[in-house]
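One structure is given below, encoded as C-alpha cells.
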Amino acid sequence: MNKLIVGNWKMNGTMTSARNLAAELVTFQKNKPVQVTVVVCPPYPYLGVVALRLMDSSLRWGAQDCAAHENGAFTGQVSAAMLKDMSCQYVIVGHSERRSQGNETDEHILQKAQKALAAGLTPIICLGENLQEREQGKAVDVVLSQAQQAIPEGKCIIAYEPVWAIGTGKVPTASQIEEIHQALAKKKPVLPLLYGGSVKAGNAAEILKIPHVNGLLVGGASLNAAEFWAIAEAA
Ligand code: PGA
C-alpha cells in the first residue's frame, strides 16, 4: 500500500503564505521526488490558491471538515460537493478539535463521512482517546467504539490521533500505537490507517515502521515545507 502523508494546516497562515507553502512543496517534489501520496488541507478560503499551485503536480489537496448536509440554509458551512468542485480529493472529518470545539458526536461524523463519500471524496476519519481514557486503560475500547459508530461503508481512511498527543509534543510509544492500529486493522481490515499527533521529521520514520501504520496526519510540522517534505521522504 502506498504510504499517505497528509498535512492539516488548521487555522493558520495568510493567502500569501498558503500560496508560498504550496509552491515550495511543488519545488520539493520536483527536486526531491517521493513516491508516497502527499496531501495538504489548507483553510477553506485558501483552497483555490493552493489548488492553482498544485494542479500540475502530483500533490493533492483536501479540506479540514465538511457539512453533514447536502445544501441549503446552513450558514457558514461548506458542503462536500463544494469541496469536490474545488477538486479536493480528501476531507478530514471528526478531528478532535471539531469534536471538542464543535460538539461533534460520532453520529455527526458518520453523516459527514457519508456526504463526503457521496460527493466522491475520500473521508479521513479521526479517532482517538483523551488522556483520562488512556490512563483508565480504556483507549482500545474508546477507539473501537468510535470506529464502530463514525465510519460508514466505503472507501474511507482512518486516522488514529490520541487527543493528548495533538500539538503537545507527546507521542505514544510504538507499542501503544501498534496496539490501537492492530485493533483497528482487525475491525476494519481494508481501510488505510494513519497515525497523527506530534509527528515531526525526527520521529516520522520510526512511527512509519510500526505495523499497520499506512501513513501520517501531520499538524504543526506541515506548516514548514522543509520539515513536511522530510516527513514525506521518511515515508
Ligand atoms: P500536530 O497535530 O501534528 O500539531 O500534533 C496533528 C493533528 O491535529 O492532526
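Where strands (runs of 3 or more DSSP E) fall wholly inside the stretch 39-142, the ranges with 1 or more residues that are modelled with pLDDT of 95 or more and of a type in the set (Ser, Thr, Tyr) are 90-93, 122-127. Look at the stretch 95-121: where a residue is over 21 Å from LYS155 (Cα atoms) and a partner is of a type outside the set (A, V, I, L, M, F, W, C) and part of a helix (DSSP H, G or I), sitting 6+ places away or on another chain with Cβ atoms under 6 Å, you get GLU104/ARG98.
Inspection of the stretch 11-30 finds no residue satisfying the criterion of being more than 20 Å from ILE125 (Cβ to Cβ), of a type in the set (Phe, Trp, Tyr) and within 19 Å of the chain's Cα centre (by Cα). Only one of the numbered conditions (1) at positive phi; (2) free of Cβ contacts under 8 Å to residues at least 24 places away in the same chain is not met by HIS212, and that is (2). Is it the case that some residue within the stretch 195-209 is in contact with a Pro (Cβ under 6 Å, 6 or more places away or on another chain), within 14 Å of the ligand (Cβ to nearest atom) and of a type in the set (A, V, I, L, M, F, W, C)? Taking every residue of the stretch 195-209 in turn, none turns out to be in contact with a Pro (Cβ under 6 Å, 6 or more places away or on another chain), within 14 Å of the ligand (Cβ to nearest atom) and of a type in the set (A, V, I, L, M, F, W, C). The number of residues in the stretch 68-94 being free of Cβ contacts under 8 Å to residues at least 60 places away in the same chain, within 16 Å of the ligand (Cβ to nearest atom) and touching a Ser or Thr at 6+ places or on another chain (Cβ under 7 Å) comes to 0. For the stretch 60-98, how many residues meet the condition of being of a type in the set (S, T, N, Q) and in contact with a His (Cβ under 9 Å, 6 or more places away or on another chain)? Residues flagged as of a type in the set (S, T, N, Q) and in contact with a His (Cβ under 9 Å, 6 or more places away or on another chain) within the stretch 60-98 amount to 3.
So, in the stretch 155-175, how many residues would count as being touching a residue at least 60 places away in the same chain (Cβ under 8 Å) and within 26 Å of GLN89 (Cβ to Cβ)? Going through the stretch 155-175 one residue at a time, the tally reaches 4. Among the residues of the stretch 132-149, the ones that are under 13 Å from SER96 (Cβ atoms) and either loosely packed, with under 14 Cβ neighbours inside 10 Å or in contact with a strand residue (DSSP E or B) (Cβ under 6 Å, 6 or more places away or on another chain) (or both) come to 2 in all. Considering only residues that are part of a loop (DSSP other than H, G, I, E, B) and under 18 Å from ALA68 (Cα atoms), which ones fall in the stretch 143-163? If the condition is that a residue be part of a loop (DSSP other than H, G, I, E, B) and under 18 Å from ALA68 (Cα atoms), then ILE151, PRO152, GLU153, GLY154, LYS155, CYS156 are the ones that fit. Considering the stretch 33-73, and only residues there that are of a type in the set (Phe, Trp, Tyr) and under 19 Å from PRO123 (Cα atoms), the residue that is surrounded by the most Cβ atoms within 10 Å (Cβ to Cβ) turns out to be TRP61. So, of the residues in the stretch 164-208 that are assigned to a loop (DSSP other than H, G, I, E, B) and of a type in the set (S, T, N, Q), which turns out to be surrounded by the most Cβ atoms within 10 Å (Cβ to Cβ)? The selected residue is SER198.
The values are calculated or read from the model by the stated rules, or taken from the named source; none is laboratory data. What you are looking at is a predicted structure, and each value in this text was computed from that prediction instead of being measured. Positions of Cβ are backbone-derived with ideal geometry, glycine not excepted, and every protein chain shown enters the neighbour counts.
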